[in-house]
Amino acid sequence: MIDLTTLADLTPGICSVTLRALEIDDVVRISSDAGLAGIEWGTDVHVKDMASAAYAKSATEAAGLTVLSLGSYYRTGAFGDFGPILDLATAAGAPRIRIWAGELGSTDATKEHWAAVVEDTRRIADLAAAVGVGLAFEYHGNTLTDSPETTLELLRRVDHANVGTYWQPAVGLSDQEALESLHLVLPHVVGVHCFSWGPAAERFPLRKRKRLWQTVSDALRGNGKDMDIMMEFVEDDLPDNVLNDAAFLHGITLGED
């Protein structure tokens, strides 16, 4: 018998990039209508300055939702000014910032690129820790986190308690391959981006890969660490498909068939 008291809670949320064409109020309204619990606000469109960050926070909280993360596009290794991104995260009430592991895939990265990414990540991790904000790498192609092995190597080299990684199924992987990648990095995963894409990046409803997401959810719940699982992209970018995918997401976060 499964001990339900040891299972982690999964918070169903959404990345604002899913509704990139809509305003903050619309993203909040649709997320609330879908019964989602929180939002990762992206700096691509919605949270670009202190005023929009503060507005996103107030609108999210007024709807009874939580700001889960700030989805930044900061590329580690560039040694850019991270202060403004931290300011946005603080203004938005985000407990965590998504960052990117350089700008080269692991097969193209030189030892100098690796060293720069590691050093810069440590630098900004200290800055973020000083204001109580965590960091998480985007798990993505064309970066040093383009495979579970290189993600683990990067985290080993960074060796900073304030840095974890997100996870998502890499495009083109089978369900089994995706699950294997999750299990390899699972001890370091602090959040999941949730979508169902085909091998050519075709967007499908989440339930198109029902087995994958049910198994992912079971693994996350059984891992004993509470976690956000955030919808990212829906078929045709339609709000109605946010509602449909959210209904499925609710089911799997509760361990339902």
(request) Would you please name the residue that is surrounded by the fewest Cβ atoms within 10 Å (Cβ to Cβ), looking only at residues in region 138-158 that are farther than 24 Å from Ser196 by Cβ and in contact with a helix residue (DSSP H, G or I) (Cβ under 8 Å, 6 or more places away or on another chain)? (result) Glu149
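Test Val17 against the criterion of being within 26 Å of Val189 (Cα to Cα), in a helix (DSSP H, G or I), of a type in the set (A, V, I, L, M) and touching a residue at least 40 places away in the same chain (Cβ under 8 Å), and give yes or no.
On the way: within 26 Å of Val189 (Cα to Cα): yes; in a helix (DSSP H, G or I): yes; of a type in the set (A, V, I, L, M): yes; touching a residue at least 40 places away in the same chain (Cβ under 8 Å): yes.
Yes; evaluated as a whole, the condition is true for this residue.
Which of the following residues is out of contact with any Phe, Trp or Tyr (no Cβ under 8 Å at 6 or more places or on another chain), aliphatic (A, V, I, L, M) and at pLDDT below 95: Leu254, Leu184, Leu220, Leu179? Let's see the steps before the verdict.
Working: Leu184 fails: at pLDDT below 95; Leu220 fails: at pLDDT below 95; Leu179 fails: at pLDDT below 95.
Within the list Leu254, Leu184, Leu220, Leu179, the selection yields Leu254.
Here are some residues: Arg203, Arg209. Which one is out of contact with any Cys (no Cβ under 9 Å at 6 or more places or on another chain), within 21 Å of Asn142 (Cβ to Cβ), in contact (Cβ under 8 Å) with a residue 24 or more places away in the chain and of a type in the set (Lys, Arg)? I'd like the intermediate steps shown before the answer.
Details: Arg209 fails: within 21 Å of Asn142 (Cβ to Cβ).
Residue meeting the stated conditions: Arg203.
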(message) Every residue in region 91-113 that is of a type in the set (Val, Ile, Thr) and crowded, with 17+ Cβ neighbours inside 10 Å, please.
(response) Ile97, Ile99
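Got a sec? Which of Asp236, Asp228, Asp245 is in contact with a Gly (Cβ under 8 Å, 6 or more places away or on another chain) and either surrounded by fewer than 15 Cβ atoms within 10 Å (Cβ to Cβ) or closer than 17 Å to Pro12 by Cβ (or both)?
Asp228
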(request) Return yes or no: is Ser58 within 29 Å of Ala246 (Cβ to Cβ), part of a helix (DSSP H, G or I) and without any contact (Cβ under 8 Å) to a residue 60 or more places away in the chain? (result) yes
(message) List pairs: first residue in region 230-253 and in contact (Cβ under 8 Å) with a residue 24 or more places away in the chain, second residue assigned to a helix (DSSP H, G or I) and among the aromatic types (Phe, Trp, Tyr) anywhere in the structure, Cβ distance under 6 angstrom, at least six positions apart or on different chains.
(response) Ile252/Trp213
(request) Tally the residues that are over 15 Å from the mean Cα position of the chain (by Cα) and among the aliphatic types (A, V, I, L, M), restricting the search to region 145-198. (result) 10
(message) Criterion first (over 20 Å from Gly134 (Cα atoms) and touching a strand residue (DSSP E or B) at 6+ places or on another chain (Cβ under 6 Å)) does Ser52 satisfy it?
(response) no
(message) One residue is enough: does region 100-123 have a residue meeting the conditions within 23 Å of Asp26 (Cα to Cα) and either at pLDDT below 95 or touching a Lys or Arg at 6+ places or on another chain (Cβ under 7 Å) (or both)?
(response) no
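With the condition kept exactly as written, say whether any residue in region 101-119 is closer than 20 Å to Lys48 by Cβ, under 20 Å from the mean Cα position of the chain (by Cα) and in contact (Cβ under 8 Å) with a residue 40 or more places away in the chain.
Step one: of region 101-119, the residues closer than 20 Å to Lys48 by Cβ are none.
Checking region 101-119: not a single residue is closer than 20 Å to Lys48 by Cβ, under 20 Å from the mean Cα position of the chain (by Cα) and in contact (Cβ under 8 Å) with a residue 40 or more places away in the chain.
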(message) Any residue that is crowded, with 19+ Cβ neighbours inside 10 Å, within 18 Å of the chain's Cα centre (by Cα) and within 30 Å of Gly222 (Cα to Cα) - is there at least one of those in region 71-86?
(response) yes
(message) Quick check on this structure: which one of Glu61, Glu40 is closer than 26 Å to Leu154 by Cα and among the acidic types (Asp, Glu)?
(response) Glu40
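The values are calculated or read from the model by the stated rules, or taken from the named source; none is laboratory data. Treat the numbers as computed from the prediction; the structure is a model and nothing was measured. As a convention, Cβ positions derive from the backbone with ideal geometry for all residues, glycine included, and neighbour counts pool all protein chains shown.
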